[in-house]
Each structure stands twice: as structure tokens, then as C-alpha cells.
Amino acid sequence: MSPAQNIEHTINDLLHTLKASQALTDQYGNKIASVTALGEHLVQIEFTHNQKPLIEHVTQFRCFID
């Protein structure tokens, strides 16, 4: 499994586990809806409030439980 796929599966499992009780956010406080692997080392981050999706290298990806 590639690093990007690892992040995709881990984050989406975590989002499913947290459900509505807590939120997973990026470093700016934007709530993450899902993460999708794009190739080996890129992830696309979808946000909950109709924000433009963000594509990041796996080494730059950070998330926090709010």
C-alpha cells in the first residue's frame, strides 16, 4: 500500500469512528469530510463546508481532532 493510500484509509476509518461526536480538522480548523489517495504520495482532502478540495503531498498532511 502506498503512503497516500495509507493516509486515505486511516483518515477515512478515523472519520467513520468519530462520527458526529468530534471533528477532524486541518491545521487551519477546516473540518475534513474525506481524504482520497492520488497516486503514491498525494492526497486530496475534501472539506465539509463546500470549500475547494486541497491536494497535498503526504509529508505535508496534518490533521487534528477538534
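Quick note: the coordinates plus some simple rules give every number you see, no bench work behind them. All figures in this text were calculated on a predicted structure; none of them were measured in a lab. In this analysis, Cβ positions are derived from the backbone assuming ideal geometry, glycine residues included, and neighbour counts consider all displayed protein chains.
Using a cut-off of 11 Å between beta-carbons, work out the net charge of the residues near ASP66 (Lys and Arg +1, Asp and Glu -1, ASP66 not included).
In short, 0.
Put +1 on the Cβ of each Lys and Arg and -1 on the Cβ of each Asp and Glu in the range 3-65; which of THR48, VAL35, VAL58 then has its Cα farthest toward the positive end of the dipole?
Towards the positive end, the residue furthest out is THR48.
Report, in debye and to the nearest 20, how large the dipole of the chain comes out about its Cα centre when Lys and Arg carry +1 and Asp and Glu carry -1 on their Cβ.
160
Tell me which label goes with the value of Rg and Dmax of the Cα atoms in Å computed from the coordinates here: (i) 16.6, 48; (ii) 14.1, 43; (iii) 11.0, 31.
This structure yields the entry labelled (iii).
Cα axis of helix 3-18 to longest principal axis of the chain: angle in degrees, 0 to 90, nearest 10?
So the inclination is approximately 20 degrees.
Do the sum for the chain: with -39,500 (n - 2.57) for every DSSP H run of n ≥ 4, divided by all residues, what is the mean residue ellipticity at 222 nm, to the nearest 500 deg cm²/dmol?
-8000 deg cm²/dmol
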